[in-house]
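Read the structure below first, then the notes.
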Amino acid sequence: MPDAPRAQRIPLQSVLHGTSRVDAYAWLRERTNPAVHAYLGAENAYAAAHLDPALQQTLGAELIQRLAPSDDSAPQTIGDYVYQFRLVEGAQYPVLVRWLVTDATTVQSVLDMPAEAAGHSYFKLGGWRISPDAQLIAFLIDDNGSERFRLHIRRIADGTPCVTPIDDVYYGLAWSPDNSCIYFVRPDEAWRPCAVMAWQFATAAAKAERIYYEPDERFNVDLSASGDGLHLIVGSYSAQTAEVWIFTSQSAHNLGCMAPRVEGIEYSIAMAGRRVYLCTNQDAPDFSLFSKLLDEASWTPVIPPRTDTLIEHITALAGYIVAWVRRAGLQHIEYLAHGSTAIQTVTFADPAYSLVDLDTHVYASDTLVYGYATPVTPTITTAHVLQTGQTTVLKRDSLGCPHNPADYVIERVQVPARDGTLIPMTLVRHIDVACNGTAAALQIGYGAYGANLNIGFVVERLSLLERGVVLAFAHIRGGGEGGRHWYLDGKLAQKQNTFNDFIDCGEYLIAQQYTSAARLACYGRSAGGLLVGAVVTQRPELYRAAIALVPFVDVINTMCDPSIPLTIPEYEEWGNPNIPVEAAWMEAYSPYDHVRTQRYPALLLTAGFQDPRVSYWEPAKWIAALRHVVPAGTYYLVTDMHAGHAGKSGRTAIMADRAIEYTFLCQQLALPLSPIYREEPS
């Protein structure tokens, strides 16, 4: 087997607030340097040799077999047509098709994704919109993982292009009502979405014109359309401040700012005709809701501030406003008829679940569409008619393997943190797994941006559950599960709470005999990778193994470089390194800045060479430093040279990434090579 790679040390000195800093591996940022490619290739070869290739192949095949051979998405009605993604057996990507609402016998291809992906090692559909006359489709394609999309406009009837595609486009599309103009978002050189463009593509030689620009580098621009398509909603959002403008979608006429930005005040807008709803945290930490007509000056209260309920976002339909809320960490749906204050609520009985706004609602018919899943129940897509309360299951996700949710136990526990705060944790295990300290466990966390940890159904996790692994989802501060204060208590100067909470949850798992330190692993992606890096640095003896996917671990160097995509908008999440006290916050936990002589858990790190969010060199530099300081440790770095932040694309191709992760867990946690609780077909 190859020896562990050793990256060359080329010290680069800098000074931050009077303190000298030396970065021995800064040269790994040289994207075109052959030595960088050689080092990443050597790390890939080392990982491939030590992560059992035969087991990877076996696990990869097992994971693919868990997928239904073919699959169709839930149908979505847009105008006179019903749209659906259809995936045939053996395909990596689906085909978007449609049929008339009044005639389901004639099916028309709208977008052939397998054909679009041909010849590319990576493929992502970044969004699509059908023109109001149903004759055209606008869509965004990323073919290298960089999230630098190309905008296409095609005629649906024959698939012919209407325009020469435009490169370097960000997420967000909207049409003008007369089908002549497409609106899209442009990023700047640092890949910050900063402008909304209007392109009268039907006019020969017409160039896209900018209708909105955000100069403040802390803010990202977002574009959406009202449910009736008559208005554009353009928002500028930083981590703690918002400003939203409304335009007519026909002429891009600016109808004004809904509320001028005030530092620390966040709000969002939804529209139903000329009625505007404003969801804001002004005088309401967990948000309240107001309403007015476009030509009115003052706002009318709709939902008052509540201390036990967080409004996460709102959806406007022709007759109702819908609030997606969270109470006691769990999601619910609330809705009111326009002009009413009588709140109706949709609740769910499971102890832990995931509720997803699928954004495929039928605006005019007041039909709300959502996805519901538990950690052991595949997603159920449901249409809910708000006026009658009638619900229809549009789709139950199917599997390619036998599965009985009743064979699993889901628990929601409250873990006392060291400062007395109760931290929710969702635990999932097979019913036959005993809590006597002998089981393996995987502790999963994120804890940033106010985001909620996904505890929906992930089919590949059955391969862990069937091997007797306890899954532990830690809903730590920095996330949003406990309301707005939960997020604020885990960011900036309070960031250490995030790591303490996760460590305390790990200790709980051991104390309550769900597992032992010898069989406990932790797992996080992106900002969750920072979580993993900080935790294994601060408490390495607590874990046998750790997986950090595309981890943000070189905090100070990244935040000091505004040329790196998305850095400046992150100041309000992590801190501004130009301010000494805020630089000290980040330096205190940055994993790359705290590599020291101690026994680390076995580590699996991943990177995407095209990643615009967390640069590949962050995990590469960290593992290089680990090998230098603690050369006897077990460390693997897998860099996908043809992917970005999300890893591989393609329905079965992504299972190759999971197979690497699960091979690592099998080897480090002594998991059985085959499932021990696998169900037999009935």
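Things to note:
- Mean separation of Cα contacts under 8 Å (6+ apart) over length of the chain, as relative contact order %: 11 percent
- Set of lysines near Lys491 by C-alpha distance (under 28 Å), chain-local residues within fewer than 8 positions excluded: Lys621
- Anisotropy class of segment 121-172 from Cα gyration tensor, a/c 1.5 cut: prolate
- Where GluC sites (Glu not before Pro) in DSSP loops with at most 11 other Cβ within 10 Å are excluded, longest remaining stretch of the chain: 264-682
- Rounded to whole numbers, the Karplus 3J(HN,Hα) couplings from phi for segment 391-404 are 10, 10, 7, 7, 6, 10, 4, 9, 10, x, 9, x, 7, 10 Hz, using 6.51 cos²θ - 1.76 cosθ + 1.60 with θ = phi - 60°, and x at Gly and Pro.
- Three-way shape call for segment 471-511 based on the alpha-carbon gyration tensor, with the a/c threshold at 1.5: oblate
- When the helices of the chain are scored as -39500 (n - 2.57) per DSSP H run of n ≥ 4 and the total is divided over every residue, the value at 222 nm lands at -5000 deg cm²/dmol.
- Using the Cβ-Cβ distance between Ala24 and Ser251 with R0 = 51 Å, the FRET efficiency computed as 1/(1 + (r/R0)^6) comes to roughly 0.35.
- Distance between modelled label sites at Asp103 and Gln512, nm, 7 Å Cα→Cβ extension: 5.9 nm
- Taking every Cα-Cα distance in segment 266-398 and sorting them into 5 Å bins starting at zero, the pair-distance distribution P(r) comes out as 2, 10, 20, 23, 20, 14, 8, 3, 1, 0, 0 percent.
- Neighbour net charge for Arg429 - beta-carbon separation under 12 angstrom, K R +1, D E -1: -2
- Sum of side-chain charges, Ser649 neighbourhood, beta-carbon under 14 Å (Lys, Arg +1; Asp, Glu -1): -3
- Since only Ala272, Val469, Gln598 are under comparison, the one whose Cα sits farthest along the positive direction of the charge dipole of the chain, derived from C-beta charges on Lys, Arg, Asp and Glu, is Gln598.
- Convex hull volume per residue for segment 199-321, taking Cα atoms only, in Å³: 111 Å³
- Normalised by the number of residues in segment 152-307, the average gap of Cα pairs under 8 Å and 6 or more apart makes the relative contact order 12 percent.
- Lys/Arg +1, Asp/Glu -1 at C-beta; segment 338-486 dipole; positive extreme among Thr367, Ile444, Leu422: Leu422
- Ordered by the number of other Cβ atoms lying within 10 Å of each residue's own Cβ, fewest first, Lys292, Lys207, Lys495, Lys648 fall into the sequence Lys207, Lys292, Lys648, Lys495.
- The chain: Rg to Rh, with Rh as the Kirkwood radius over Cα pairs: 0.95
- Cβ-defined net charge surrounding Arg306, 14 Å radius [Lys, Arg +1; Asp, Glu -1]: -2
- With contacts taken as Cα pairs under 8 Å and at least 6 residues apart, segment 266-398 reaches a relative contact order of 13 percent.
Every read-out reported here was derived from the displayed coordinates using simple, explicitly stated rules and does not represent laboratory data. Since we're looking at a predicted model, the values are computed, not measured. FYI the Cβ positions are ideal-geometry reconstructions off the backbone, even for glycines, and counts take in every protein chain you see.
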